[in-house]
Amino acid sequence: MENRPISSQQLAAMTFLLLIGSVLVYVPGNVAGQSAWIATLLGSLPGLLVLYAVLKLQAMFPEDRITQISTRVLGQIPGTLLNILFYWSIFIYAAGLMYEIVVLLTIIYPAIPSPVLSFLIILTCVYCLYLSLNIAGRLAELFLWMCLFFIIIGILFSLPLVDLVKLKPLIEAWKPLVAGTVYSADWPFDLMVIWGLFLPLVSGIKENGKKIYAWYLISAVILVILDLQILSILGPESTQSTRFPLFEIYRLVGFGEFRRLELTFLVLWLISGIAPIVFLYQGLNFIMQDILRLKDYRPLILPTGLVLGILTLYMFPSDMRYMALGFKYIPAYTFPINLLYPTIILAAAIIQQKRAKAKSNPGSAPGRPGKTGLPETRPR
Amino acid sequence: MNTPIFYIMLLFVLLFAVLEVKPLIKKRMFRELVAASLILLLALGYGTDLAMDWMKLPNPRGLITVVAPLSQSFEKTLQVNQ
């Protein structure tokens, strides 16, 4: 039996928590107005490409992480440079998500200072990572159905508030729709690139790879339904101006005198909010381990956690700063990096493999007329 | 002065010293020890800067705003209204 701590079923559950948890605080593609749900649907396509690229790379190099494959196929210096860019992209995602969760918790616990809330989350993640990576997988497997239950209950409870007229006209203008598609592809769908770091630890990926695609598509459909729910209740303008639209909807839900149901859903936010931070945080440890060529990532857990917590507070001292950076500038950096990073490595790996094959079977490569005098492979 | 940040930094340094330093020295993994200590020092530097409200160190936000022109032209082209 393979000695790999995460099963493919657990990775599928982690995919669900990563996608759902990253957007519970935000409507992906909300710049597209009432067409945000279409933007989310279209935005899931680049994520599918990223998922395909990391799974394909895993099939080609089953024992290596994407950061190790990068230096292997691109060379030490270009590979490390790309890894540094990738590290920063994942760091921004982790810091952004941390900030969002802390803001949400500050609304619920206004008396606790935000640095304390922020480090309570980080210490929870540190505890989880120190126990082993298997814990992250089991956490996802355990909470998958609970999260699904709360999401379905939330949708059912808010059905009486739905007003489908708010979704019209379907596509007012195509340009904001394209922008919304890019934003939703960036966050959360391109986050799938993080699995390039975890796949060598997953068992049975060859046999059960379809499960990961299936849970990716289920998560995309749920996100589209959540978008539809939010837009049809709050309308496009309120969706854009409200800090936490889904939380706002659960505030509106109630039966007669029975109100304040949003606190019931707090467990959903805590579980699905912390799970993506655990995965991104562990991803940062893996990338740093490979950049610095260390034998073990465990000594990096505490220092990286402290850096993440401190720099989140340092970079985003206020909501205004975060809004300007988070929605305007961050996607311009993270979207191309997370889309191109696995794609470039996959292309380089395929080219390298073809060259190696041609080298091993020089007779089988078809020769081009007029180039008989040239060597078959270029010298490096 | 932001006192909770100092307590948090102290907690992390103590945890690191207790959980990591001794095993790393025992296993003679000095590369790991140096790398982790440097990252910890970076965090302590930024933490002190933040807690004392000096804000003297370069803000990593600058690495994000580098892409501002690209982002602005994207928003202009696609009529993004946020």
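The values are calculated or read from the model by the stated rules, or taken from the named source; none is laboratory data. Everything quoted here is computed from the prediction, not taken from an experiment. Don't worry about glycine lacking a Cβ; one is built from the backbone with ideal geometry, like all the others, and counts go over all protein chains shown. With ligands, DNA and RNA removed, areas are computed over all heavy atoms of the protein, side chains included. Shrake-Rupley method; radii C 1.70, N 1.55, O 1.52, S 1.80 Å.
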Self-check item: Heavy-atom accessible surface that A and B bury in contact, both chains counted, 1.4 Å, Å² to 100
Solution: 4200 Å²
Practice problem: Compute the acute angle (0 to 90°) between the alpha-carbon long axis of helix A:114-131 and the principal axis of greatest extent of the alpha-carbon atoms of chain A; round to the nearest 10°. | Solution: 50 degrees
Quiz item: Rounded to the nearest 0.05, what FRET efficiency do A:Glu257 and A:Gln352 have when you use their Cβ-Cβ distance and R0 = 51 Å?
Solution: 0.15
Quiz item: Extension gain A:Val116-A:Leu148, at 0.36 nm per residue separation less the Cα-Cα distance, in nm?
Solution: 8.6 nm
Quiz item: For the stretch A:324-355, which residues drop by 40 square angstrom or more in accessible area between the chain on its own and all protein chains together (1.4 Å probe)?
Solution: A:Leu325, A:Lys328, A:Tyr329, A:Ala332
Exercise. Would you mind computing, in nm to one decimal, how far apart the modelled labels at B:Ser73 and A:Met60 are, each placed 7 Å from Cα along Cα→Cβ?
Key: 3.1 nm
Self-check item: Sum of side-chain charges, A:Ser22 neighbourhood, beta-carbon under 12 Å (Lys, Arg +1; Asp, Glu -1)
Solution: -3
Exercise. Take chain A, connect every pair of alpha-carbon atoms lying under 10 Å apart with a spring to form a Gaussian network, then pick out the residue of A:Ala347, A:Ala39, A:Ala53 with the largest mean-square fluctuation.
Key: A:Ala347
Quiz item: What dipole magnitude, in Debye to the nearest 20, does the stretch B:3-78 give about its Cα centre under +1 on Lys/Arg Cβ and -1 on Asp/Glu Cβ?
Solution: 380 debye
Quiz prompt | Within straight-line cross-link reach of A:Lys211, lysines at Cα separation under 28 Å, skipping those fewer than 8 residues along the same chain | solution = A:Lys56
Exercise. Quote the FRET efficiency, to the nearest 0.05, computed for A:Asp163 versus A:Arg72 with a Förster distance R0 of 45 Å and r equal to the Cβ-Cβ distance.
Key: 0.25
Quiz item: For helix A:8-23, what angle does its Cα long axis make with the longest principal axis of chain A, in degrees from 0 to 90 and rounded to 10?
Solution: 50 degrees
Self-check item: Apportionment of accessible area to carbon and sulfur, chain A, percent (1.4 Å)
Solution: 66 percent
Quiz item: Can you list the lysines whose alpha carbon sits under 18 Å from that of B:Lys26, skipping same-chain ones fewer than 8 residues off?
Solution: A:Lys295
Quiz item: So how strong a dipole does the stretch A:128-261 carry about its Cα centre when Lys and Arg Cβ are +1 and Asp and Glu Cβ are -1, to the nearest 20 debye?
Solution: 180 debye
Exercise. Compute the length gained on full extension between A:Ile84 and A:Ile225: take 0.36 nm times their separation in residues and subtract their Cα-Cα distance, giving the result in nm to one decimal.
Key: 47.2 nm
